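Trainee: The structure under discussion is supplied below as structure tokens; questions concerning it will follow.
The values are calculated or read from the model by the stated rules, or taken from the named source; none is laboratory data. Predicted model, so just to flag it, every value in this text is computed and none were measured. Heads up, the Cβs are rebuilt from the backbone with ideal geometry, glycines too, and the neighbour counts pull from every protein chain shown.
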Amino acid sequence: MSKPDFISMSRPQFRQYIFEHREDDEALSIYLERFQSPNSIRHPAPKSLEDLDNFPELHRKHLEQRENQA
């Protein structure tokens, strides 16, 4: 089976392909790379129970940032 041309696919087409071919890790990686916002803020996963204790505050800050960007 040959892979479709991911470069020429629109975002909705590519998204549909991902849903229909969930086992295609390569396609998922390409999709995430292609459609990730360069302005997105990355938050590391919690590494300890203390990190989880701070989650409500971090979540509130994240929501405030999203509101300010809109």
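Trainee: List the pairs whose first member sits in the stretch 34-56 and is assigned to a helix (DSSP H, G or I), whose second member is among the aliphatic types (A, V, I, L, M), and whose Cβ atoms are under 8 Å apart, counting only residues at least 6 apart or on separate chains?
Mentor: Here the result reads none, with nothing in the stretch 34-56 linked to a residue that is among the aliphatic types (A, V, I, L, M).
Trainee: Which of (1) more than 30 Å from S8 (Cβ to Cβ); (2) surrounded by 10 or more Cβ atoms within 10 Å (Cβ to Cβ); (3) in contact with a helix residue (DSSP H, G or I) (Cβ under 9 Å, 6 or more places away or on another chain); (4) hydrophobic (A, V, I, L, M, F, W, C) does F55 not meet, given it meets every other one?
Mentor: Unmet condition: (3).
Trainee: Let me ask something else about it. Take the stretch 13-25 and flag every residue that is over 15 Å from the mean Cα position of the chain (by Cα), loosely packed, with under 10 Cβ neighbours inside 10 Å and not in a loop (DSSP other than H, G, I, E, B).
Mentor: Correct list: E20 only.
Trainee: Which ones in the stretch 31-70 are over 30 Å from I18 (Cα atoms) and not charged (D, E, K, R)?
Mentor: Across the stretch 31-70, the qualifying residues are S48, L49, L52, N54, F55, P56, L58, N68.
Trainee: For the structure I just gave you, tell me whether E64 is at pLDDT 85 or above, out of contact with any helix residue (DSSP H, G or I) (no Cβ under 7 Å at 6 or more places or on another chain) and closer than 29 Å to P12 by Cβ. Talk me through it step by step, then tell me what you get.
Mentor: Numbers: at pLDDT 85 or above: yes; out of contact with any helix residue (DSSP H, G or I) (no Cβ under 7 Å at 6 or more places or on another chain): yes; closer than 29 Å to P12 by Cβ: no.
Judged against the criteria, E64 is not a match.
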